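Take a look at the structure below.
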Amino acid sequence: MGRCPKEPLSILARLQAKSEAKRRALQELIDRGPPSSGITPENWRLWHEYNYFLCPRRRHRTCCEPNCQLGARCTEAQAYGLTGDGRALPRKLRPACGVRTRRGEPCVARVVPGKRRCRMHGGLSTGPRTADGRARIGEAQRRRWARWRGDDAHPKVLAVFLPGTMHPDEICGLVADEPEVRAVPFDRANSQTCRALVAARLAAQARIGIAEADRAPLYSGEVEAVLVPIMFRMYPGDERAVVAQLRNELTELYAEFAETVLRFMLNTYRHGGTEALQRAANVTAT
């Protein structure tokens, strides 16, 4: 038994050295990182090591789109106005909002980076930040699923929210699908439908157990449609005249519910500044 020939050993050494050189070159390429083209460092590494990469938006799934280019032109991210590495796309490259406007046409404003809507249609909304806000959103979602399943969500809702803690919009939303409420067409210019809608809402809220002091005849948007123009035009000292004008207009729209609607609007106007109007309403109350 003699020693192995030297030549095979030198061939093996050369192969090992070549493999090590390729490994070092690959590592240097990965360490340099991707070019500034929207590719994430993670996808850069995965592609060079394993020949696949992950979707930048759906990180647990590999990408099968041939036009994504390692995620640099991620179609999922572009729908949110972002590049594959999370940077904001130039404004002209972001998709349009697409929400149907009041004119019935799709909105052509560009989306806010990271959102699917423009700044005028909810793109700047942060969503609920407090624990109470998150709880309200979660309960609203549970109510929607309960209605979809055909369950009666009212007992669950009233068990979660104590009297006086619910937002007026949530109270109106509890009865929005009631048959008598849905049967009334909403027309702000029609006094008959306005009166019938408020009557149906209050009756439905009373039936499901909402206390009289907590009942909401209007949504906050309906309140703002009336009060915002008045609050911007009103000068100090005009409170009694404004209240008198409001009473006349609300009486024409809501008939016997006019005073209830007036008190509710002044108490729930979320932008504040109605204290003088509330005092004037108390003084001039009949």
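The values are calculated or read from the model by the stated rules, or taken from the named source; none is laboratory data. All values reported here derive from a predicted model rather than from experimental measurement. Here the Cβ positions follow ideal geometry from the backbone for every residue, glycine too, while neighbour counts run over all protein chains shown.
Some points to look at:
- Test: residue in the range 76-83 that is assigned to a strand (DSSP E or B) and at pLDDT 90 or above: yes
- Meets criteria (in the same structural domain as Ser37 (by TED's automatic domain parsing) and surrounded by fewer than 16 Cβ atoms within 10 Å (Cβ to Cβ)) for Gly114: yes
- For the range 224-238, the count of residues that are in a loop (DSSP other than H, G, I, E, B), touching a helix residue (DSSP H, G or I) at 6+ places or on another chain (Cβ under 9 Å), at pLDDT 85 or above and buried (at least 19 other Cβ atoms within 10 Å of the Cβ) is zero.
- Residues in the range 192-220 that are in contact (Cβ under 8 Å) with a residue 40 or more places away in the chain, within 29 Å of the chain's Cα centre (by Cα) and in a helix (DSSP H, G or I): Cys194, Val198, Leu202, Asp214, Ser220.
- Pair list, Cβ under 7 Å, 6 or more apart: the range 33-55 residue farther than 21 Å from Gln78 by Cα, other residue surrounded by fewer than 15 Cβ atoms within 10 Å (Cβ to Cβ): Gly33/Pro41; Leu46/Tyr52; His48/Leu26; His48/Leu29
- Residue match in the range 91-110 (condition: assigned to a loop (DSSP other than H, G, I, E, B), of a type in the set (D, E, K, R) and at pLDDT 90 or above): yes
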